[in-house]
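J.: Take a look at this one; I'll ask things after.
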Amino acid sequence: MNTTTENNKDNQIEQIEKKVKIQKPKKADFRMHAHVNPLNETLFPYPLNYNQVDWSLHYPKKFGKDPLKLYLNTLEYPIAYDDQVKPEYSESIVDFLDIGCGFGGLCFALSENYPDKYTFGMEIRGKVVNFVGEKIRALRDEGQAHNVSVIRTNTMRHLPQYFRKNSLEKIFICFPDPHFKKKNFRRRIVNPGLLSEYAYLLKPSGRIYCITDVEELHNWHVQHLEKHKMFKRVQDVEQDSAAKLIWNSTEEGQKVERNKGSKFIIVCEKV
Ligand SMILES: C[S@@+](CC[C@H](N)C(=O)[O-])C[C@H]1O[C@@H](n2cnc3c(N)ncnc32)[C@H](O)[C@@H]1O
């Protein structure tokens, strides 16, 4: 942990002890370079399998634990896993997964709009994840956001180590990095192999949502999703409330809106 993180953490502990309101983080303090190569080796911790993930660290209120202290006392957040504990969950915990959640706009919108569902954001860039984590903590201090959490991970490598088969209701992939060059297509977060992984983790009739402002990337999404045997395209996307939500709630989506750009969406259901 670096000194700034340690100082932030000390301040936050002090705030909680003095019962001072936890401040929401400012994005400007959490800026970092836009791209991380997802094919590189993972240098941060990850669970060996989904039984190692202690979901009570992520959703403490659900498990009757102190939502602020717990989140705070665990390593550097977001909490990766705890290899001392071997929690066994009879039910799956996470309903909605936001892959590459960035600054978490969609996660917070889902948390608010679907209070009974548990949303999980996964993001590879550390500082950005810390922003989401701090915002979750500030919102929890106000009694909100108990159903949303975030983690730093490379979803292209570690997704099945977090979730079990047939467990997720929805997977969102919003404004993913386009990787325009042909030699970098293998870095795209939608490809036949990863689609099989997403299908494996989704519940039957679970849905995957892909939105982008890059038409060529949208065509790629359509081509691979329509070709995949486990997915069927949803035609009446307007009837899907989550599809409406992804249009404008992510930071990238809002940026495209401000620049009056186009957006392209495809929603598919697991057959
Ligand atoms: C263009 S941003 C979009 C962020 C957010 N979904 C939005 O719409 O505002 C794409 C995000 O995906 C993250 N990302 C890319 N590859 C990833 C991977 N393999 N695992 C997790 N996150 C990844 C990037 O760090 C980046 O934050």
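The values are calculated or read from the model by the stated rules, or taken from the named source; none is laboratory data. Keep in mind the model is a prediction, meaning the values are calculated, not measured. Methodologically, a virtual Cβ is constructed for each residue, glycine included, from the backbone with ideal geometry; neighbour enumeration extends over all protein chains shown. Just so you know, the surface numbers come from the protein's heavy atoms only, side chains and all, with ligands and any DNA or RNA stripped out. Shrake-Rupley method; radii C 1.70, N 1.55, O 1.52, S 1.80 Å.
J.: Would you confirm, using the coordinates I've provided, whether residue 194 is surrounded by fewer than 22 Cβ atoms within 10 Å (Cβ to Cβ) and among the aliphatic types (A, V, I, L, M)?
T.: Numbers: surrounded by fewer than 22 Cβ atoms within 10 Å (Cβ to Cβ): yes; among the aliphatic types (A, V, I, L, M): yes.
Taking the combined requirement at face value, the residue satisfies it.
J.: Can you tell me which residue in the range 123-141 is farthest from residue 63 (Cα to Cα), limited to those that are aliphatic (A, V, I, L, M) and within 11 Å of the chain's Cα centre (by Cα)?
T.: Step one: filter the range 123-141 for residues aliphatic (A, V, I, L, M), giving 124, 128-129, 132, 136, 138-139.
From what's left, within 11 Å of the chain's Cα centre (by Cα): 124, 129, 132.
Details: 124: 27, 129: 23, 132: 21 Å.
Filtering first and then ranking leaves 124.
J.: In addition: Taking the condition closer than 24 Å to residue 199 by Cβ, touching a Pro at 6+ places or on another chain (Cβ under 6 Å) and either at pLDDT 95 or above or aliphatic (A, V, I, L, M) (or both), does residue 217 pass?
T.: Details: closer than 24 Å to residue 199 by Cβ: yes; touching a Pro at 6+ places or on another chain (Cβ under 6 Å): yes; either at pLDDT 95 or above or aliphatic (A, V, I, L, M) (or both): yes.
In short, yes.
J.: Now for a different question. Would you say residue 232 is closer than 24 Å to residue 271 by Cβ, in a loop (DSSP other than H, G, I, E, B) and open to solvent by 70 Å² or more (accessible area, probe 1.4 Å)? Give the derivation first.
T.: Values: closer than 24 Å to residue 271 by Cβ: yes; in a loop (DSSP other than H, G, I, E, B): no; open to solvent by 70 Å² or more (accessible area, probe 1.4 Å): yes.
No: the conditions fail for residue 232.
J.: Counting only residues that are under 17 Å from residue 270 (Cα atoms), open to solvent by less than 10 Å² (accessible area, probe 1.4 Å) and touching a helix residue (DSSP H, G or I) at 6+ places or on another chain (Cβ under 7 Å), how many does the range 202-224 have?
T.: The total comes to 3.
J.: I've got another one for you. For the subset of the range 172-191 comprising residues that are touching a residue at least 40 places away in the same chain (Cβ under 8 Å) and part of a helix (DSSP H, G or I), which member is most open to solvent (accessible area, probe 1.4 Å)?
T.: Quick first cut of the range 172-191, residues touching a residue at least 40 places away in the same chain (Cβ under 8 Å) only: 172-177, 186-187, 189.
Still in the list and also part of a helix (DSSP H, G or I): 186-187.
Numbers: 186: 160, 187: 65 Å².
If we take residues in the range 172-191 being touching a residue at least 40 places away in the same chain (Cβ under 8 Å) and part of a helix (DSSP H, G or I), then 186 is most open to solvent (accessible area, probe 1.4 Å).
J.: Can you tell me which condition residue 161 does not meet? The list is (1) away from the ligand (no atom under 14 Å from the Cβ); (2) touching a residue at least 60 places away in the same chain (Cβ under 8 Å); (3) more than 13 Å from the chain's Cα centre (by Cα); (4) open to solvent by less than 50 Å² (accessible area, probe 1.4 Å), and all the others hold.
T.: (1)
J.: Within the range 102-122, track down each residue that is open to solvent by 10 Å² or more (accessible area, probe 1.4 Å), near the ligand (Cβ under 9 Å from one of its atoms) and within 23 Å of residue 62 (Cα to Cα).
T.: If the condition is that a residue be open to solvent by 10 Å² or more (accessible area, probe 1.4 Å), near the ligand (Cβ under 9 Å from one of its atoms) and within 23 Å of residue 62 (Cα to Cα), then 105 is the only one that fits.
J.: Something else about it: Only one of these conditions is not met by residue 270: (1) surrounded by fewer than 17 Cβ atoms within 10 Å (Cβ to Cβ); (2) more than 13 Å from the ligand (Cβ to nearest atom); (3) in contact (Cβ under 8 Å) with a residue 60 or more places away in the chain. Which number is it?
T.: (1)
J.: Separate question: Out of the range 43-63, which residues are in a helix (DSSP H, G or I) and of a type outside the set (Ser, Thr, Tyr)? Steps first, answer last, please.
T.: From the range 43-63, those in a helix (DSSP H, G or I) are 50-52, 55-58, 60-63; that's our starting set.
Listed by number, the residues that qualify are 51, 52, 55, 57, 58, 60, 61, 62, 63.
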